[in-house]
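This report refers to the structure that appears directly beneath it.
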Amino acid sequence: MENILLICIRTVIMYVLILLIFRLMGKREIGELSILDLVVFIMIAEMAVVAIEDTESSLWDTILPMVLLMVIQILMAIISLKSQKFREIVDGKPTVVINKGKIDEAAMRKQRYNFNDLLLQLREKEIKNVADVEFAILEPSGKLSVIKKENNMRHNQSILALPLVLDGIIQEDHLAEMNRTNLWLRQQLKKRGYPDIKKISYCSYENGYFFVDVKD
């Protein structure tokens with residue numbers, strides 16, 4: 001019974017301490033946390049768990065490193081505010097993955113960011129077609145910032161433009177949904193000057209309109 005009471009007291013103390021530490025470290029949405037933020041949060045959480053479970057150890061042995069991590073994180077945040085170079089080293093820089101309507105496959109590969117990730121985040125922003133995007137910027141937090149093309153009314157259409165080619169591979173299931181064949185796609189692309197499917201990074205089709213992005 002005494003051990004259970006001790007665990008409860010330690011749990012309350014750790015809860016209050018972590019809440020205080022996170023408040024002092026500043027407000028950020030979960031999706032905007034940097035890699036460094038995540039590492040610090042995980043370390044603090046692990047220390048708290050150990051402190052709660054190990055009732056034989058002193059709480060100060062855990063509180064001290066937790067407070068030290070908080071101080072380090074606050075100091076680094078202050079330095080980041082004053083130095084862009086330091087901020088880029090710690091948090092990283094935004095990466096343009098679509099530039100003037102052109103997909104930058106090299107930038108995507110560098111960030112280990114694939115087409116499924118891109119299409120998922122575009123759908124989350126209610127963008128049905130890559131052809132509607134002028135710029136897409138992958139932020140250091142992993143979020144995708146999108147600037148749509150001006151004077152483009154195609155984004156108001158309700159039909160989803162399915163990708164027919166992704167990274168040089170024909171999406172057979174999407175062709176089947178459209179009641180089209182592999183041969184039809186190859187013939188249509190060949191007419192438009194794209195005889196080699198493997199050289200196409202992205203291709204979609206919507207209401208008789210092809211959007212084709214060739215690999216760099």
Yes/no for VAL39 being under 25 Å from the mean Cα position of the chain (by Cα), in a helix (DSSP H, G or I) and free of Cβ contacts under 8 Å to residues at least 24 places away in the same chain: yes
Odd one out for LEU68 among (1) closer than 27 Å to CYS203 by Cα; (2) modelled with pLDDT of 90 or more: (1)
Helices (runs of 4 or more DSSP H) (entirely within region 42-136) containing at least 2 residues that are surrounded by fewer than 12 Cβ atoms within 10 Å (Cβ to Cβ) and aliphatic (A, V, I, L, M): 60-82
Sole exception among (1) at pLDDT 90 or above; (2) open to solvent by less than 60 Å² (accessible area, probe 1.4 Å) for THR181, by number: (2)
Residue check, GLN188 over 26 Å from MET108 (Cα atoms), modelled with pLDDT of 85 or more and surrounded by 13 or more Cβ atoms within 10 Å (Cβ to Cβ): yes
Total residues in region 42-81, condition under 28 Å from the mean Cα position of the chain (by Cα) and of a type outside the set (A, V, I, L, M, F, W, C): 3
Selection count, region 116-132, where residues are closer than 13 Å to PRO163 by Cα and under 12 Å from the mean Cα position of the chain (by Cα): 5
Cβ pairs under 8 Å, 6+ apart, first in region 140-162 and under 10 Å from ILE127 (Cα atoms), second modelled with pLDDT under 75 and not charged (D, E, K, R): LYS148/HIS155
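Please work out if GLN171 is surrounded by 15 or more Cβ atoms within 10 Å (Cβ to Cβ), farther than 18 Å from VAL133 by Cα and touching a Pro at 6+ places or on another chain (Cβ under 9 Å).
It is true that GLN171 is surrounded by 15 or more Cβ atoms within 10 Å (Cβ to Cβ), farther than 18 Å from VAL133 by Cα and touching a Pro at 6+ places or on another chain (Cβ under 9 Å).
The values are calculated or read from the model by the stated rules, or taken from the named source; none is laboratory data. Keep in mind that this is a model prediction, so the values were computed, not measured. With ideal geometry, Cβ positions are generated from the backbone for all residues, glycine too; neighbour counts draw on all protein chains shown. Heavy atoms of the whole protein, side chains included, go into the accessibility calculation; ligands, DNA and RNA do not. Shrake-Rupley method; radii C 1.70, N 1.55, O 1.52, S 1.80 Å.
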